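What follows is a short report on a single structure.
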There are 2 protein chains.
Amino acid sequence: MTRTAFFISDGTGITAESLGRSLLAQFGDIDISMVTKPYIDTLDKAQALTAIIDATAVRDGEQPIIIDTIVDQQIRDVIRQSSGFKVDIFSTFLEPLEQVLGARSSYSVGRTHSIGSDAVYMDRIHSVHFALDNDDGARTHQYDKADIILVGVSRCGKTPTSLYLALQFGIRAANYPLTEDDLDEDGTLKLPKVLAPHRHKLFGLTIDARRLSAIRNERRPNSRYSSIDQCLQEVEQAEALYRKMHIPHIDTTRFSVEEISTRMIAETGLARRFSPR
Amino acid sequence: MTRTAFFISDGTGITAESLGRSLLAQFGDIDISMVTKPYIDTLDKAQALTAIIDATAVRDGEQPIIIDTIVDQQIRDVIRQSSGFKVDIFSTFLEPLEQVLGARSSYSVGRTHSIGSDAVYMDRIHSVHFALDNDDGARTHQYDKADIILVGVSRCGKTPTSLYLALQFGIRAANYPLTEDDLDEDGTLKLPKVLAPHRHKLFGLTIDARRLSAIRNERRPNSRYSSIDQCLQEVEQAEALYRKMHIPHIDTTRFSVEEISTRMIAETGLARRFSPR
């Protein structure tokens, strides 16, 4: 049995899809094909989509699930005529919210997805370029302007995390690779000099050595760099450094970039410059 | 009057916050302070949060709004005892979904935020590094592997968009800057030679010249590069090229990176490698 779920929005569809996936993840055993339909913002588009939903119902032999965040009442009415099963987020919750807030909702198209100010846009651009300019230890003289500095061995997830922090939260994240260049005479890793003045901003990433080896193998197959021995040793040294210097750290093996980033923010109390939408 | 809304989750909080902001955006006139509380995954954390909610109710003199996606029943019960007004997304929708799907929901902690496979992780890392390696025309020999190639004048939003496409959707996006180097003898912009074989992958970005000038001014104040005349001319030439070569394009002035990216996908039919959560 295959079911189809439609996530429908007059904007990006991000909210409808995010909620829809969360709800449907609770039915892990059912094979559900998920389709996102953003920018359904005219009656014509709504009618075309209704035809698709009806055709899907016939093909599947099952009622499609519809999860939407459309605000325009006329467009909603068209979608409502389809044969899908509607999970109506907005109308379900807006009325009780109107009651408790003692105000009418504007229920206006696009309001969900309003951009925010030019200032937010600038902050975002700045943060992304900050992450790029300060990627992989490329520059260190801007570390006084960094909100956080990620450290860790090569390919443990520093770059995607820095970029996610920049794009989603406007956080200025630099990142610095821990390498054998920073090994002390006794074979232990020491804190690189350029990082010492910024110790309070450091956050360590670590990763399962096997996972690391697999990732590095895609880049440089069968090299010393990607060998399991090398990965084991580097990860061990990095973790020893975190413990010795009391650097907060997170294991990226089991977590997505979203989880790493939000856990980091929760743990450090780092302030967002803006919020995801 | 200030109200407080709490977005509460046992995971990243992204779904609760995204839905919460969408709902509350419909009450534009009310001053609502929004607080995200992710990783509320133990009874202790839930109790501590309940105390915060109650204290907030006293401080505000108004009932706080609670929008949550916690799945664990015991943790929910603790939060429910707080004085907040609960918008209970999961229990509201899971029962009707159970009926229509003819199945019990697992209602399991963390299920909402499951990572997905190693393959997804690899795809994501690859796409991010692809975007970085092929940023700003740095390399062009990988264009045959690109899913899309963004073109546009300097600082019109190519880099953040490429990175967002990579992080959120696993799409391999290169980007190439249009500059005066590509002006033809007659003063019109011609399609750079390296792009010619990949015309079907091109997507143009354009931007309001005033906005562009403001962005460039932050980088190089009072330069020719950031002057309004220069920006006007570059934008005009880029737009003329898009029209002449029938390159689909979007004006980034009024849109967020999320909107630019999702509109691009909707318009081109570009396939995502994975989906945001």
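Observations, loosely collected:
- Only one of A:ASP10, A:ASP54 that is over 20 Å from B:THR69 (Cα atoms), within 29 Å of the chain's Cα centre (by Cα) and of a type outside the set (A, V, I, L, M, F, W, C): A:ASP10
- Residue match in segment A:155-172 (condition: in contact with a Pro (Cβ under 6 Å, 6 or more places away or on another chain), within 14 Å of chain B (Cβ to nearest Cβ) and over 24 Å from B:GLU259 (Cβ atoms)): no
- Scope segment A:13-60; condition open to solvent by less than 10 Å² (accessible area, probe 1.4 Å), among the β-branched types (Val, Ile, Thr) and within 12 Å of chain B (Cβ to nearest Cβ); matching residues: A:THR15
- Qualifying residue in segment A:186-204 (condition: more than 27 Å from B:TYR39 (Cα to Cα), of a type in the set (Lys, Arg) and open to solvent by less than 40 Å² (accessible area, probe 1.4 Å)): no
- When residues of segment B:214-229 are limited to those that are at pLDDT 95 or above and under 18 Å from B:THR252 (Cβ atoms), the one least open to solvent (accessible area, probe 1.4 Å): B:SER226
- Apart from one condition, A:GLY187 fits all of (1) closer than 22 Å to A:TYR164 by Cα; (2) outside any helix (DSSP H, G or I); (3) not acidic (Asp, Glu); the exception is (1).
- Residue list for segment A:222-263, restricted to those being in a helix (DSSP H, G or I), within 18 Å of A:GLY157 (Cβ to Cβ) and among the acidic types (Asp, Glu): A:GLU234, A:GLU236, A:GLU239, A:GLU258, A:GLU259
- Answer residue from segment B:167-182, given it is touching a strand residue (DSSP E or B) at 6+ places or on another chain (Cβ under 6 Å) and of a type in the set (A, V, I, L, M, F, W, C) and is modelled with the lowest pLDDT among those: B:LEU178
- Of all the criteria given as (1) touching a residue at least 12 places away in the same chain (Cβ under 8 Å); (2) within 13 Å of another protein chain (Cβ to nearest Cβ), the one not satisfied by A:LEU241 is (2).
- Filter pass, A:THR159 being over 21 Å from the mean Cα position of the chain (by Cα) and of a type in the set (Val, Ile, Thr): no
Each row is one residue, and each column tells you yes or no for (1) under 17 Å from B:TYR164 (Cα atoms); (2) without any contact (Cβ under 8 Å) to a residue 60 or more places away in the chain.
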| position | (1), (2) |
| --- | --- |
| B:GLY204 | yes, yes |
| B:ARG216 | no, no |
| B:ARG219 | no, no |
| B:GLU236 | no, yes |
| B:ILE260 | yes, no |
| B:ILE265 | yes, no |
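- Among the residues listed as B:ILE79, B:ILE75, the single one being in contact with a Leu (Cβ under 8 Å, 6 or more places away or on another chain), over 22 Å from B:THR2 (Cβ atoms) and either within 11 Å of chain A (Cβ to nearest Cβ) or crowded, with 21+ Cβ neighbours inside 10 Å (or both): B:ILE75
- Of the residues making up segment A:236-261, those that are touching a helix residue (DSSP H, G or I) at 6+ places or on another chain (Cβ under 7 Å), hydroxyl-bearing (Ser, Thr, Tyr) and within 17 Å of A:ILE148 (Cβ to Cβ) are A:THR252, A:SER261.
- The residues in segment B:39-81 that are β-branched (Val, Ile, Thr), free of Cβ contacts under 8 Å to residues at least 40 places away in the same chain and under 14 Å from B:ASP10 (Cβ atoms) can be counted, and the count is 3.
- Counted residues, segment A:82-96 - those being crowded, with 22+ Cβ neighbours inside 10 Å and farther than 15 Å from A:THR15 by Cβ: 2
- When the residues of segment A:255-276 are filtered to those that are within 9 Å of chain B (Cβ to nearest Cβ) and of a type in the set (Gly, Ala, Ser), the one that is surrounded by the most Cβ atoms within 10 Å (Cβ to Cβ) is A:SER261.
- Just one of the numbered conditions (1) more than 30 Å from B:ARG155 (Cα to Cα); (2) under 20 Å from the mean Cα position of the chain (by Cα) is not true of A:ASP208: (2).
- Options B:ASP136, B:ASP144: the member that is in contact with a His (Cβ under 9 Å, 6 or more places away or on another chain), surrounded by fewer than 21 Cβ atoms within 10 Å (Cβ to Cβ), at pLDDT 90 or above and more than 8 Å from every other protein chain (Cβ to nearest Cβ): B:ASP144
The values are calculated or read from the model by the stated rules, or taken from the named source; none is laboratory data. These numbers come from a predicted model, not from an experiment. So basically every Cβ, Gly included, is an ideal-geometry build from the backbone, and we count neighbours across all protein chains shown. Heads up: the accessible areas ignore ligands, DNA and RNA and are worked out on the full protein's heavy atoms, side chains in. Shrake-Rupley method; radii C 1.70, N 1.55, O 1.52, S 1.80 Å.
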